[in-house]
């Protein structure tokens with residue numbers, strides 16, 4: 001299992017959890033895509049800084065090799081997954097029915 | 001539930017999953033770090049504290065961005081079908 005596998009698995013897990021298990025369905029909401037659109041350029045900026053200064057380095061055997069702003073494209077999938085599942089869980093716990101139990 | 005408690009709960013769940021993947025990748029050396037550019041505190045002698053804090057900071061700023069945009073746009077989280 002290389003980074004490419006992890007990145008794809010992470011996207012699949014986040015999408016499936018969001019739509020069918022947690023059921024926040026963030027992916028169907030405009031506000032989610034607006035949030036992601038704002039975050040995306042800052043991920044590129046951070047990735048560029050971390051790779052340009054060689055703070056983080058990637059093994060060639062672990063990635064498909066295509067890069068954007070210095071970092072492997074896998075990083076964008078992994079980052080998208082992280083944002084999606086975070087907001088999906090956050091919105092799940094925002095539901096009034098659940099909050100009352102605490 | 002308080003917002004801080006809610007965040008800690010969400011982040012704990014996120015960490016279980018994503019730190020799992022992360023530890024796998026770091027132990028496999030999918031990516032590695034310049035030892036001169038990290039503090040040096042490492043979990044299992046391998047995982048820099050910076051890498052762990054990444055999974056606190058990114059979810060936190062994601063939720064803050066989301067909450068700020070909800071307020072600024074006035075868009076509802078509930079008008080789409082559930």
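Taken together, the values in this text are just the output of simple stated rules run on the coordinates, not laboratory data. Predicted, not measured: the structure shown is a model, and the values here were computed from it. With ideal geometry, Cβ positions are generated from the backbone for all residues, glycine too; neighbour counts draw on all protein chains shown.
Can you show me the helix-derived [θ] at 222 nm for chain A, built from DSSP H runs with n ≥ 4 at -39,500 (n - 2.57) apiece and divided by the number of residues, rounded to the nearest 500.
Per the formula, -20000 deg cm²/dmol.
Is there a simple number for the mean count of other chain Cβ atoms within 10 Å of the Cβ of residues in B:49-62, and what is it?
Average neighbour count from other chains, rounded to a whole number: 3.
Using only atoms on other chains, find how many Cβ atoms lie within 10 Å of each Cβ of peptide A:2-9 and report the average.
Whole-number average of other-chain Cβ neighbours for A:2-9 is 3.
Sorting check: for A:64-70, B:65-71, B:19-25, which peptide has the highest mean count of neighbouring beta carbons within 10 Å, and how do the rest follow?
The peptides rank, most packed first, as B:19-25, B:65-71, A:64-70.
Kirkwood Rh, the stretch B:3-73, all Cα pairs: how many Å?
That comes to 13.7 Å for the stretch B:3-73.
Mind pulling the angle between the C-alpha long axis of helix A:3-16 and the longest principal axis of chain A? Nearest 10 degrees, somewhere in 0 to 90.
10
Test of understanding: in a Gaussian network model of chain A with alpha carbons linked when under 10 Å, which of A:75, A:60, A:18 would top the mean-square fluctuation ranking?
Ranking A:75, A:60, A:18 by mean-square fluctuation puts A:60 first.
Give me a single rounded figure for A:54-60: the average over its residues of other chain Cβ atoms within 10 Å of their Cβ.
5
To the nearest 10 degrees, how steep is helix B:49-73 against the longest Cα principal axis of chain B, on a 0 to 90 scale?
Around 10 degrees separate the two axes.
Mean shadow of the protein assembly as shown, computed from the convex hull of its alpha carbons, in nm²?
Averaged projected hull area, Cα only: 11.1 nm².
What is the angle, in °, between the Cα long axis of helix B:3-27 and the longest principal axis of the Cα atoms in chain B? Nearest 10 is fine, range 0 to 90.
40
Can you pull the Rg over Rh of chain A, Cα-only, Kirkwood?
With Rh from the inverse mean 1/r over Cα pairs, Rg/Rh is 1.06.
Grab the beta carbon distance between residue B:3 and residue A:42, set R0 = 35 Å, and tell me the FRET efficiency rounded to 0.05.
Efficiency, rounded to the nearest 0.05: 0.95.
As an exercise, use a Förster radius of 35 Å and the Cβ-Cβ distance of residue B:71 and residue B:12 to find the FRET efficiency, rounded to the nearest 0.05.
0.85
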